[in-house]
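Working notes for the structure below.
The values are calculated or read from the model by the stated rules, or taken from the named source; none is laboratory data. A quick note: this is a predicted structure, and the numbers were derived from the prediction, not measured. Here the Cβ is made from the backbone with ideal geometry for all residues, glycine too, and neighbour counts use every protein chain on show. Note: areas computed on protein heavy atoms with side chains; ligands, DNA, RNA excluded. Shrake-Rupley method; radii C 1.70, N 1.55, O 1.52, S 1.80 Å.
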Amino acid sequence: MLELGGSGGADAPATDLIKDVTEATFMADVVEQSQTVPVIVDFWAPWCGPCKTLGPQLEAAVTAAGGRVKMAKVDVDQAQQIAAQLQIQSIPTVYAFYQGQPVDGFQGAVAQSEVNAFVERVAALAGEPDNGLADAIEAAEGMLAEGAATDAAQTFAAIIGEDPDNATAYGGLVRAHLALDDLDQAEAILNGAPAEIADAPELEAAHAQLELAKQAAGAGPVADLKAAVEADPANHQARFDLATALHASGQTEEAVTELLEIFRRDREWNDGAAKTQLFTIFDALKPEDPIALNGRRKLSSLIFA
């Protein structure tokens, strides 16, 4: 279980940054909201003494972050199903959600300095590129979008020369080499990235994109796999292979649909392979991509059904 903290105090002010969340609004106020801004979820109860101390500390730190992070307060007595699904075993407990997933957390009351550091760490997940290089990154992204992958790679490499810890440039450089079908170089770039940015969202996305590119090399014919699934809808391996082939042919939304169907039929099949593959596809897409947003929403609905 992630190590997480908690808020408390039913009389906390209701603002756009800080909301009381119920089971009915959890999907919208936490899972979906975290696609664009990190959301800190505070699991508390009115009878919890430490929650009443930690809650105001969290609220103060979230407010000070100036909108870079939001906070959801969940009364575990009123949201027992959510608490059980997230395995909340004691309170106060705090989860940080980003892009629909729990990414950090802690349990118990902690010092204000630790709360501040936690909130700042979470807020930084959605940080913008360094302003001095933002124009260069935008230009490189434009080159890549227009098919000038070689020029984009050279520009991203130059940015890294100026800022060796620029995760956005590293992610772009990997994507440029994937566009050039140079998977070995893309992997070498990822392996050579500084340890300090190894867990950055841009690098995680690049890892997912590389994994999907490798899978595409062995994808089977879409028509044959569709026929196999139509002949036996319960053949999860055939459906999984069809999803791989669909993604390899650029039919990402259709691939997500097939993987969701596997999860709906048997979420534990092949050690949860469908869910794992869905997360790989979502991670490879931009957080605001409609396919990722809709896919995450549908998957979460199945998980919390």
Against the condition open to solvent by less than 60 Å² (accessible area, probe 1.4 Å), within 30 Å of Gln185 (Cβ to Cβ), at pLDDT 90 or above and of a type outside the set (D, E, K, R), how does Met71 come out, does it pass?
no
What about Ala248, is it under 30 Å from Val30 (Cα atoms), in contact with a helix residue (DSSP H, G or I) (Cβ under 7 Å, 6 or more places away or on another chain), surrounded by 13 or more Cβ atoms within 10 Å (Cβ to Cβ) and touching a residue at least 24 places away in the same chain (Cβ under 8 Å)?
no
Of all residues in region 192-234, which are surrounded by 12 or more Cβ atoms within 10 Å (Cβ to Cβ), free of Cβ contacts under 8 Å to residues at least 12 places away in the same chain and hydrophobic (A, V, I, L, M, F, W, C)?
Ala198, Ala227
Checking the conditions here, which among Glu211, Glu204, Glu230 is at pLDDT 90 or above, among the acidic types (Asp, Glu) and under 22 Å from the mean Cα position of the chain (by Cα)?
Glu211
Which listed residue is free of Cβ contacts under 8 Å to residues at least 24 places away in the same chain, farther than 22 Å from Val115 by Cβ and not small (Gly, Ala, Ser), from Thr25, Thr36:
Thr25
Exactly one of these conditions fails for Gly172: (1) small (Gly, Ala, Ser); (2) in a helix (DSSP H, G or I); (3) touching a helix residue (DSSP H, G or I) at 6+ places or on another chain (Cβ under 8 Å); (4) open to solvent by 50 Å² or more (accessible area, probe 1.4 Å). Give me its number.
(4)
Please find, within region 156-169, the residue that is nearest to Glu196 (Cα to Cα) out of those that are in a helix (DSSP H, G or I) and open to solvent by less than 30 Å² (accessible area, probe 1.4 Å).
Ala167
Within region 274-286, is even one residue among the basic types (Lys, Arg), over 29 Å from Val103 (Cβ atoms) and part of a helix (DSSP H, G or I)?
no
Just the residues that are part of a loop (DSSP other than H, G, I, E, B) and in contact with a strand residue (DSSP E or B) (Cβ under 9 Å, 6 or more places away or on another chain), please, taken from region 50-85.
Val69, Val76, Ala79
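Residues checked against (1) touching a residue at least 24 places away in the same chain (Cβ under 8 Å); (2) exposed (fewer than 13 other Cβ atoms within 10 Å of the Cβ); (3) assigned to a helix (DSSP H, G or I):
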residue	(1), (2), (3)
Gln87	yes, yes, no
Phe97	yes, no, no
Asp135	no, yes, yes
Met143	no, no, yes
If Ala152 meets every condition in (1) part of a helix (DSSP H, G or I); (2) open to solvent by 40 Å² or more (accessible area, probe 1.4 Å); (3) closer than 20 Å to Ala205 by Cα apart from one, which number is that one?
(2)
In region 169-193, what count of residues is obtained for those that are farther than 17 Å from Ile137 by Cβ and not small (Gly, Ala, Ser)?
10
